[in-house]
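Chemist: Input: one structure, supplied below.
The values are calculated or read from the model by the stated rules, or taken from the named source; none is laboratory data. The shown structure was predicted, so the numbers you read here are calculated from the model rather than taken from an experiment. Reconstructed Cβ throughout: ideal geometry from the backbone, glycine too, with neighbour counts over all protein chains shown.
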Amino acid sequence: MKKLNTILFDLDGTLIDTNQIILESYKHSFQTHMPTSMPDENEIFNLIGAPLKDVFARYASNESEVNTMIETYLSFYETHEHEYFYFYEGIEAMLQTLKQQGYNLAIVTTKYLSSAQPSIEHFELKRFFDVIVTLEDTEHAKPDKAPVLHALKQFKHVEKSIMIGDNTWDIMAGNNAGILSAGVAWSIKGEETLLKANPDYMLQHPNDIFKIIEKVSQGEDE
């Protein structure tokens, strides 16, 4: 029986609560460049998880405006990030246990490396993760399978693997790559929204990953 030995995590909204800094960064960029077109907070929250280029392209009239809005977003984000973000409860202890037990661990995010770097450094994420896939690493972003497959290729030995995230795109990326997928109930988008993407599992608490590992290793996912 193959063991679930490779676990891929989204970053924002899954490991780290960055919802407020994302909201503030979007608001700042819209207020700076398109104050009359700024979406309300609920609309912005629904956009979380998509690449910045795709989001701003919905509102800007050309690629130059999109790039300018991205630059403003990233500048605000990187300047103010530490004021807003933190590990979700139970995440750090869960990662420590997985690392100690020898699991392959990766982050697969739609963030640019420049905007992910402050979180990577602040939380010392490289003590847990040997593989970190950012937006620049593949031609296509989640929900495409490319980022997931890119992460898996970095490990020498993969038996079974799972993609865990707070967004339907995370779940779809795992499904599209032909691996297991799981949502996290603490997602700001809500558990019901994630279930529409047909995840194999739903984590109510970070430690639920250990229950999933046991089920998969016993063949209960087949």
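Chemist: When you look at Lys126, is it among the charged types (D, E, K, R), modelled with pLDDT of 95 or more and either part of a helix (DSSP H, G or I) or farther than 20 Å from Ile171 by Cα (or both), yes or no?
Modeler: Yes: the conditions hold for Lys126.
Chemist: Working only within the stretch 58-83, note down all residues that are surrounded by fewer than 17 Cβ atoms within 10 Å (Cβ to Cβ) and free of Cβ contacts under 8 Å to residues at least 40 places away in the same chain. Reasoning before the result, please.
Modeler: Step one: list which residues in the stretch 58-83 are surrounded by fewer than 17 Cβ atoms within 10 Å (Cβ to Cβ), which gives 58-59, 61-65, 67-68, 71, 75, 78-80, 82-83.
Answer for the stretch 58-83, where residues must be surrounded by fewer than 17 Cβ atoms within 10 Å (Cβ to Cβ) and free of Cβ contacts under 8 Å to residues at least 40 places away in the same chain: Arg58, Tyr59, Ser61, Asn62, Glu63, Ser64, Glu65, Asn67, Thr68, Glu71, Ser75, Thr79.
Chemist: Tell me which of these Ile188 doesn't satisfy, since it passes every other one: (1) in a strand (DSSP E or B); (2) of a type outside the set (Ser, Thr, Tyr); (3) within 20 Å of Lys111 (Cβ to Cβ).
Modeler: Condition (1) is where Ile188 drops out.
Chemist: I've got another one for you. Among all residue pairs at least 6 apart or on different chains, which show Cβ distances below 9 Å where the first residue, located in the stretch 121-137, is within 15 Å of Ile16 (Cα to Cα) and not assigned by TED's automatic domain parsing to the domain that holds Pro51 and the second is of a type outside the set (A, V, I, L, M, F, W, C) and modelled with pLDDT under 95?
Modeler: His122/Glu81; His122/His82; Phe123/Tyr86; Leu125/Ser119
Chemist: Across the stretch 7-37, what is the total count of residues that are farther than 20 Å from Thr110 by Cβ and either in contact with a Ser or Thr (Cβ under 9 Å, 6 or more places away or on another chain) or touching a residue at least 60 places away in the same chain (Cβ under 8 Å) (or both)?
Modeler: Here the count works out to 2.
Chemist: Specify which of the listed residues (Ala141, Ala151, Ala182) is small (Gly, Ala, Ser), closer than 11 Å to Leu8 by Cα and not in a helix (DSSP H, G or I).
Modeler: One residue alone meets the criteria, Ala182.
Chemist: How many residues are out of contact with any Lys or Arg (no Cβ under 9 Å at 6 or more places or on another chain) and either among the basic types (Lys, Arg) or surrounded by 18 or more Cβ atoms within 10 Å (Cβ to Cβ) (or both) when one looks only at the stretch 119-130? Working first, answer last.
Modeler: If we filter the stretch 119-130 for residues that are out of contact with any Lys or Arg (no Cβ under 9 Å at 6 or more places or on another chain), which is where we start, we get 121-126, 130.
This time we only want the ones that are either among the basic types (Lys, Arg) or surrounded by 18 or more Cβ atoms within 10 Å (Cβ to Cβ) (or both), so: 123, 125-126.
Total meeting the criteria: 3.
Chemist: If you take just the helices (runs of 4 or more DSSP H) that sit entirely in the stretch 1-119, which of them hold at least 3 residues that are of a type outside the set (S, T, N, Q), more than 17 Å from the chain's Cα centre (by Cα) and over 30 Å from Ile213 (Cα atoms)?
Modeler: 19-33, 63-80
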